[in-house]
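Comments concern the structure below.
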Amino acid sequence: MTANEQRFLELELKVLLNRLRKNREMVPEEELKTTYRKAYDTLRAEIRKKAVGYMKELIFTGASGVYLQRDIPKMIKALEAIVNAPVMNQRMQEALFKEMDMEQVKQLAQELKRQVEPLLTEYQKHAKEGE
């Protein structure tokens, strides 16, 4: 994905978060969850989907490399443990649906990237040593 495409994805997510914020400012939450439930749930699902795509782009951009085939399952499991850590999921939920703050989302993505990079580097090292 190019830098422009990444910025566009960020802008899309920002627009969705602003829409959620405006909905909550204008309509009581109980009404959003009942009368407007379908539209509200659709908006939240769209935010989740965009956020996942955005996070993956930020975390894994530039993370290409050569890995040993036998290491890939272990590497994926380790990556999933980092990305899906309950604490990180909770913080992301708060950034998206409580704070509706794009800057927090970016900071969390950068934090995850810093955690993922050493792992990827280690598995790339295995590949170099295995050649």
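Only the coordinates and a few stated rules stand behind these numbers; no lab work does. Note that the coordinates shown come from a computational prediction; the quantities given were computed from them, not determined experimentally. Cβ: placed from backbone, ideal geometry, glycine included. Neighbour counts: every protein chain shown.
A few notes on this one:
- Selection from LEU32, ILE59, GLN124 lying farthest towards where the dipole of the chain points positive, charges on Cβ: LEU32
- Relative packing of 33-40, 101-108, which averages over residues the other C-beta atoms within 10 Å, highest first: 101-108, 33-40
- Maximal additional length on extending the GLU99-VAL66 stretch stands at 8.0 nm, based on 0.36 nm per residue less the C-alpha distance.
- Taking 17 Å as the straight-line reach from the Cα of LYS77, the lysines in range (excluding those fewer than 8 positions away in the same chain) are LYS56, LYS113.
- Dipole magnitude (debye, nearest 20) for the chain, charges at Cβ of Lys, Arg, Asp, Glu: 240 debye
- Alpha carbon convex hull of segment 78-131, volume per residue in cubic angstrom: 62 Å³
- When each of LYS14/LYS38; LYS38/LYS106; LYS49/LYS98; LYS50/LYS74 is checked by Cα-Cα distance, pairs over 25 Å: LYS38/LYS106; LYS50/LYS74
- Orientation-averaged projected area, Cα convex hull of the chain (nm²): 9.0 nm²
- Positive-end residue, segment 1-116 charge dipole about Cα centroid, Cβ charges, pick of GLN93, VAL15, ILE72: ILE72
- Per-selection Kirkwood Rh - segment 1-70 (Cα, Å, 1 d.p.): 14.1 Å
- Net charge of Cβ neighbours under 11 Å - reference GLU46; Lys, Arg +1; Asp, Glu -1: +3
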